[in-house]
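Take a look at the structure below.
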Amino acid sequence: MRIRSAIPAETLLAASPMPLTGKNLPAFRRSLLHWYDQNRRDLPWRRSRDPYRIWLSEIMLQQTRVAAVLDHYRIFLERFPNVQSLAAASEDAVLAAWSGLGYYRRARMLHQCARELAQKHAGRFPQRAEDLQNLPGIGRYTAAAVASIAFAEPIAVVDGNVERVVQRFLGGHRTTPQIWQHAQALLARSRPGDFNQAMMELGATVCVPGEPRCLVCPIRRWCVTQPSRQAEAAQSQEDAARPRPAKRHPRFVRRRRTSGVCSTSAMAESASCNGERRPHSCPACGNCRNHPSLHVGCPGRAVAHVSPFHHRYRLHSARASECGVNQCRSCRQK
């Protein structure tokens, strides 16, 4: 099944919310291609129209960053420079050359595809995306990429970068089939391979996830979401410049020391405690009257402090060895 848009470009663009019509569609394409010619990254697979090199790069770039692919791409080509050498190699040799890229199923499918090309196609790639999809490990995106870049077939590609660009460019939410149709409608048929790579390059370097670089986008004047993103950026800058209220920190009561034997502290009295005699009084004095959450009655010097989180008062003895029956937690730990 050919990957074509069943809807004319003018109909799709007129029905969409973007301010782009059939009249200024050529200007849109020229702006994007001109930006790509001036700003594209110098990647080794872009220096050739060899379908083998393009196919290899597309398989390696699946779920892998460009920076991680560069060295592996060069080493793999030195080991297997064409389809015939890859098909003649053993699977272990292919997996060893693939080492470091991960997802080894890609390497196995690559090897299987090379063998089928050597056996059934004399080592040559089919020139149509429809025929390329019949090969092992080649899906819709890879077939469209190889066919458009290597053989100039006017067919659009949609990867994660292109999908993000189209979603933002059109505004709203589109399904995957709709994304493919709109990408096909936008395609420059005179340079399909370069246009597809320009869309992917735009998504990878400008229309990035999170905070896109709208001010340097070559197609921003036709983008539906660009004005709203400018408003969001201005609001974010305004919020950042607005002074924030000072943070309120919890108040701690300064530690205070009391001396004497079982003296009821002023802090306990300020807690409005109608204390009752505890069931087990302190053996040192027999007269511990205090708030139930206090432990008072240990001879010696004691330190009192307030916990602002649990709203409890605790009085810990400095002499744990003389603490009586109702020992506080600090005393028991010692």
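See the values below:
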| item | result |
| --- | --- |
| Qualifying positions in segment 89-129 - of a type in the set (A, V, I, L, M) and assigned to a helix (DSSP H, G or I) | Ala93, Val94, Leu95, Ala96, Ala97, Ala107, Met109, Leu110, Ala114, Leu117, Ala118, Ala129 |
| Meets criteria (in the same structural domain as Asn161 (by TED's automatic domain parsing), of a type in the set (Gly, Ala, Ser) and surrounded by 13 or more Cβ atoms within 10 Å (Cβ to Cβ)) for Gly137 | yes |
| Cβ-Cβ under 8 Å pairs, at least 6 apart or on other chains, segment 106-127 side farther than 20 Å from Val94 by Cα, far side surrounded by fewer than 17 Cβ atoms within 10 Å (Cβ to Cβ) and not acidic (Asp, Glu) | Pro126/Asn134 |
| Whichever residue in segment 8-40 is among the aliphatic types (A, V, I, L, M) and exposed (fewer than 14 other Cβ atoms within 10 Å of the Cβ) and, among such residues, is modelled with the highest pLDDT | Ala27 |
| Test for Ser5: is it touching a His at 6+ places or on another chain (Cβ under 9 Å), under 24 Å from Ala143 (Cβ atoms), at pLDDT below 95 and surrounded by 14 or more Cβ atoms within 10 Å (Cβ to Cβ) | yes |
| Unique residue being of a type outside the set (Phe, Trp, Tyr) and free of Cβ contacts under 8 Å to residues at least 24 places away in the same chain when the list is His173, His182 | His173 |
| Considering residues of segment 171-205 that are touching a Pro at 6+ places or on another chain (Cβ under 8 Å) and surrounded by fewer than 20 Cβ atoms within 10 Å (Cβ to Cβ) only, the residue farthest from Leu33 (Cα to Cα) | Gly172 |
| The lone exception for Gln167 - which of (1) at pLDDT below 95; (2) assigned to a loop (DSSP other than H, G, I, E, B) it fails | (2) |
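The values are calculated or read from the model by the stated rules, or taken from the named source; none is laboratory data. None of the values given here were measured: they were computed from a predicted structure. Here the Cβ is made from the backbone with ideal geometry for all residues, glycine too, and neighbour counts use every protein chain on show.
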